Amino acid sequence: MALFPDISTIRYEGPKSTNPLSFRHYNPDEVIEGKSMRDHFRFSVAYWHSFRGTGSDPFGPGCAHRPWEDGTDSVEMAIKRVRVAFEFMEKLGVPFYCFHDRDVAPEGKTLAETNANLDRVVAVLKEEQQRTGIKLLWGTANLFSNARYMHGAATSCNADAFAFAAAQVKKALEVTHELGGVNYVFWGGREGYSNLWNTDLKRELDHLARFFHLAVDYKKQIGFTGQFLIEPKPKEPTVHQYDFDAAACAAFLRTYGLINDFKLNIEANHATLAGHTMMHELAYASAYGLLGSIDANRGDLLLGWDTDQFPTDLYLTTGCMLVILGQGGLAPGGVNFDAKVRRESFEPVDLFHAHIGGMDAFAHGLKIAARIRADGVLRDFVKQRYQSWDGGIGQQIEQGKAGFVELEKYMLEKGNAAPNVSGRQEMLENLINRYFG
């Protein structure tokens, strides 16, 4: 039985279309820079926001109208919800989805019961994947909702919480492997601290690294070849998360010998919470070969928390695509809509409007980024700006042929540094604006 009977498959109708249930820019078969849009983005729907989100906030319970829900958290309801989710994703035309273990199946009274619940739902997920061809971009474990994780999971002061988290991730890895997932994400929802007076920071970081090493070992043991990803987030719910931003994660991975086993899943709203732009976080991760996937959303600049709104800002999506094109793509990662409709957008059709807008914004951003790259305006300006490093003393410094003694001799002979040239920031901002006309 169709749960969205009034909605047909969403089609590309072109930029002049006024049909709100159509794509104006996302044409999955359109080729840009030698790759189809479908392959550029590898779009994914976030199971938690789209099919478990209710529109609740700190000031009121959920008000979303979801006619398929029966008000229970039973396995039977979870199975019905799978059918709903795949009908939605099939009509939307996305190739991937993502989930936490607790999104798709309810927790039982014991770990054994919980695992059995998950197995029953996974069988249906596998059936729907085979029916539709939709694949799992990544799976993960919810290590933050249950009260056992109030002090964290891998960084908890309670060793039993660490052990339970390990068992939970073991099962989530097995399930992700069984479903053919091509990545697995670690998001440390409560891996941080609220007060240093009661925290052994170094010990907690050591424990977090131990947890990751155990996961790497088990990944190899079961033959899972998917990419491990860490998702940086600076704060919320703790005052300070250990996976603060791309730089903190990179330093952590290098320090603990994990740099070759992980990449990063960068989220736009997390970047802004860390005081960065999304483009900065992507560029930093990409520069060190760590950009693996992205969570596509945005925050509200008037609010100081993780609002997880759908991305509609073309400057945001263009910046993302400039970095992604620059590194040759995201695969095996993708563009996951870790975003939720607003509380006031409570009808099922709003899920379609939201995803269509996000997919179109990224498609439009891709086309703009490709034109900027084809014209070479940024590439040529940056090359010109750093030309002093392409020969002479700059080249000697980069090649390790000039130390302090040689550099002192060079400047004594030259007398003074060459004059600087303007960075032309305003000119470049004006220039980029032309592409949005």
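Only one of these is without any contact (Cβ under 8 Å) to a residue 40 or more places away in the chain and either over 19 Å from G189 (Cβ atoms) or in a loop (DSSP other than H, G, I, E, B) (or both): D300, D306. Name it.
Working: D306 fails: without any contact (Cβ under 8 Å) to a residue 40 or more places away in the chain.
Checking each option against the conditions leaves just D300.
Tell me, yes or no, whether region 346-365 has at least one residue that is in contact with a strand residue (DSSP E or B) (Cβ under 6 Å, 6 or more places away or on another chain), aliphatic (A, V, I, L, M) and open to solvent by less than 40 Å² (accessible area, probe 1.4 Å).
Checked region 346-365: no residue is in contact with a strand residue (DSSP E or B) (Cβ under 6 Å, 6 or more places away or on another chain), aliphatic (A, V, I, L, M) and open to solvent by less than 40 Å² (accessible area, probe 1.4 Å).
Of all the residues that make up region 145-200, how many are within 30 Å of A331 (Cβ to Cβ) and at pLDDT 95 or above?
Step one: list which residues in region 145-200 are within 30 Å of A331 (Cβ to Cβ), which gives 153-154, 165-166, 168-189, 191.
Subsequent filtering for residues that are at pLDDT 95 or above retains 153-154, 165-166, 168-186, 191.
Residues flagged as within 30 Å of A331 (Cβ to Cβ) and at pLDDT 95 or above within region 145-200 amount to 24.
A361 passes all but one of (1) assigned to a loop (DSSP other than H, G, I, E, B); (2) modelled with pLDDT of 95 or more; which number fails?
(1)
Considering only region 284-298, I want to know if a residue exists there that is farther than 30 Å from T225 by Cβ and crowded, with 21+ Cβ neighbours inside 10 Å.
Residues of region 284-298 that are farther than 30 Å from T225 by Cβ, as a first pass: 298.
Then keep just the ones that are crowded, with 21+ Cβ neighbours inside 10 Å; that gives 298.
There is at least one residue in region 284-298 that is farther than 30 Å from T225 by Cβ and crowded, with 21+ Cβ neighbours inside 10 Å.
Which one of these is more than 29 Å from G326 (Cα to Cα) and surrounded by fewer than 22 Cβ atoms within 10 Å (Cβ to Cβ): L205, L258? Before the answer, list the steps.
Values: L258 fails: more than 29 Å from G326 (Cα to Cα).
Sole residue among the options that is more than 29 Å from G326 (Cα to Cα) and surrounded by fewer than 22 Cβ atoms within 10 Å (Cβ to Cβ): L205.
Could you give me the residue pairs with C-beta distances under 8 Å whose first residue belongs to region 182-196 and is within 19 Å of N146 (Cβ to Cβ), whose second residue is open to solvent by 50 Å² or more (accessible area, probe 1.4 Å) and basic (K, R) wherever it lies, and which are 6+ apart or on separate chains?
Partner pairs satisfying both residue conditions: G192/K235.
For region 105-121, state whether one or more residues are under 30 Å from S36 (Cα atoms) and either of a type in the set (A, V, I, L, M) or open to solvent by less than 20 Å² (accessible area, probe 1.4 Å) (or both).
Step one: filter region 105-121 for residues under 30 Å from S36 (Cα atoms), giving none.
The answer is no, given that none of the residues of region 105-121 is under 30 Å from S36 (Cα atoms) and either of a type in the set (A, V, I, L, M) or open to solvent by less than 20 Å² (accessible area, probe 1.4 Å) (or both).
Could you check how many residues of region 125-144 are among the small types (G, A, S) and either modelled with pLDDT under 95 or surrounded by 15 or more Cβ atoms within 10 Å (Cβ to Cβ) (or both)? Full working, then the answer.
In the first step, residues of region 125-144 are kept if they are among the small types (G, A, S); the result is 133, 139, 141.
Imposing the further condition that a residue be either modelled with pLDDT under 95 or surrounded by 15 or more Cβ atoms within 10 Å (Cβ to Cβ) (or both) reduces the set to 139, 141.
The number of residues fulfilling the criteria is 2.
So which residues in region 387-423 are surrounded by 10 or more Cβ atoms within 10 Å (Cβ to Cβ), under 30 Å from A369 (Cα atoms) and hydroxyl-bearing (S, T, Y), if there are any at all?
Hit for region 387-423 is S388, nothing else.
Only one of L378, L330 is free of Cβ contacts under 8 Å to residues at least 60 places away in the same chain and either open to solvent by less than 20 Å² (accessible area, probe 1.4 Å) or part of a helix (DSSP H, G or I) (or both); which?
L378
Given (1) of a type in the set (V, I, T); (2) surrounded by 23 or more Cβ atoms within 10 Å (Cβ to Cβ); (3) more than 30 Å from K135 (Cα to Cα), where does V175 come up short, assuming only one miss?
(3)
Given the conditions (1) at pLDDT below 95; (2) open to solvent by less than 20 Å² (accessible area, probe 1.4 Å), and given that G304 satisfies all but one, which numbered condition is not satisfied?
(2)
Just name the residue that is modelled with the highest pLDDT out of those in region 218-247 that are under 23 Å from W305 (Cβ atoms) and polar (S, T, N, Q).
Among those that are under 23 Å from W305 (Cβ atoms) and polar (S, T, N, Q), it is Q241.
Let me confirm something: among A271, A285, A251, which residue is farther than 26 Å from G358 by Cα and assigned to a helix (DSSP H, G or I)?
Values: A271 fails: farther than 26 Å from G358 by Cα; A285 fails: farther than 26 Å from G358 by Cα.
Selected residue: A251, the only one of A271, A285, A251 that is farther than 26 Å from G358 by Cα and assigned to a helix (DSSP H, G or I).
Counting just the residues of region 70-98 that are free of Cβ contacts under 8 Å to residues at least 12 places away in the same chain and among the charged types (D, E, K, R), which one comes out least open to solvent (accessible area, probe 1.4 Å)?
The qualifying residue least open to solvent (accessible area, probe 1.4 Å) is D70.
Looking at (1) loosely packed, with under 14 Cβ neighbours inside 10 Å; (2) at pLDDT below 95, find the lone condition where I7 falls short.
In the conditions (1) loosely packed, with under 14 Cβ neighbours inside 10 Å; (2) at pLDDT below 95, I7 misses (1) alone.
Scan region 16-35 and give yes if some residue there is in a loop (DSSP other than H, G, I, E, B), modelled with pLDDT under 95 and open to solvent by 50 Å² or more (accessible area, probe 1.4 Å), otherwise no.
Just the residues of region 16-35 that are in a loop (DSSP other than H, G, I, E, B), to begin with: 16-21, 24-30, 33-34.
Filter once more, so that each one left must be modelled with pLDDT under 95: none.
No, there is no match, as no residue in region 16-35 is in a loop (DSSP other than H, G, I, E, B), modelled with pLDDT under 95 and open to solvent by 50 Å² or more (accessible area, probe 1.4 Å).
The values are calculated or read from the model by the stated rules, or taken from the named source; none is laboratory data. Remember, predicted model here, so these are calculated numbers, not experimental data. Don't worry about glycine lacking a Cβ; one is built from the backbone with ideal geometry, like all the others, and counts go over all protein chains shown. These accessible areas exclude ligands, DNA and RNA; they are computed on the full protein's heavy atoms, side chains included. Shrake-Rupley method; radii C 1.70, N 1.55, O 1.52, S 1.80 Å.
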